[in-house]
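The structure appears right after this line, and notes come after that.
None of the figures in this text is laboratory data; all of them are computed from the coordinates on show. Because the structure is predicted, anything quoted here is derived from the model rather than measured. All Cβ positions, even for glycine, are placed from backbone atoms using ideal geometry, and neighbour counts span all protein chains on display.
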Amino acid sequence: MMNRHNYSNYFLILATIALISCFSVKAQQDPTPELLYGTWVFNQTPSINTMDVAIQQDLQNSPELQQHVATFYTGRQLYFGQDGTFIISFSNGMQFNGQWSLQGSNLTTVTNGSPSATQTIVFSDNQNFYLVSPGYSDPDTKLLFSQLHFIKN
């Protein structure tokens, strides 16, 4: 037989589970295009922290790989315009213009002269997101980063 104390504990447990479920559902909702509008800057630390350990070791030991990251990732900026304009800028001054679209959590970008690229986008909060390329799980494909993290500029 349950006494009053056990009922309150039981209710507290159920309320906690319901609250956690609400937050989990909200966290799994697809992002809206409005969240993307503006400029985002590559966030190197979490991107490197989510790398495969073997690739992290290669990065530490290879000046060429370090230079590649410095040239093509450090300082990288992504711009998402309300009109679908997409601009990717690199710290060395290179810039590519194109278009972007969002279908659920799939972000597709097309830059001039390149085929389209579709990645999964995951928002940590309104100021941070990361991109996951579909080829990362393919053992024949060796991508440098498993997740490309960006922070709102």
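Starting from the Cα-Cα distance between THR74 and GLN60, subtract it from 0.36 nm times their residue separation and give me the gain in nm to one decimal.
Length gained between THR74 and GLN60: 3.5 nm.
Cα gyration tensor of the range 78-153, axes a ≥ b ≥ c as square roots of the eigenvalues: rounded (a/c below 1.5), prolate (a/b > b/c) or oblate?
rounded
Show me, for the range 52-61, the HN-Hα J-couplings you get by feeding each phi into the Karplus relation (A = 6.51, B = -1.76, C = 1.60, θ = phi - 60°), rounded to Hz, glycine and proline as x.
4, 4, 5, 6, 4, 5, 4, 4, 5, 9
Pull up all non-local amide H partners of ARG76: gap of 5 or more, or a different chain, and H-to-H distance under 5 Å with H placed in the peptide plane.
For ARG76, whose amide H was placed from the backbone, the distant partners under 5 Å are PHE42, SER91.
What does the extension gain come out to for ASP52 and SER101, with contour length at 0.36 nm per residue minus their alpha carbon separation?
Net length gain for the segment: 14.8 nm.
Work out the FRET efficiency for THR85 and THR45 from their Cβ-Cβ distance, taking R0 = 25 Å, and round it to the nearest 0.05.
0.30
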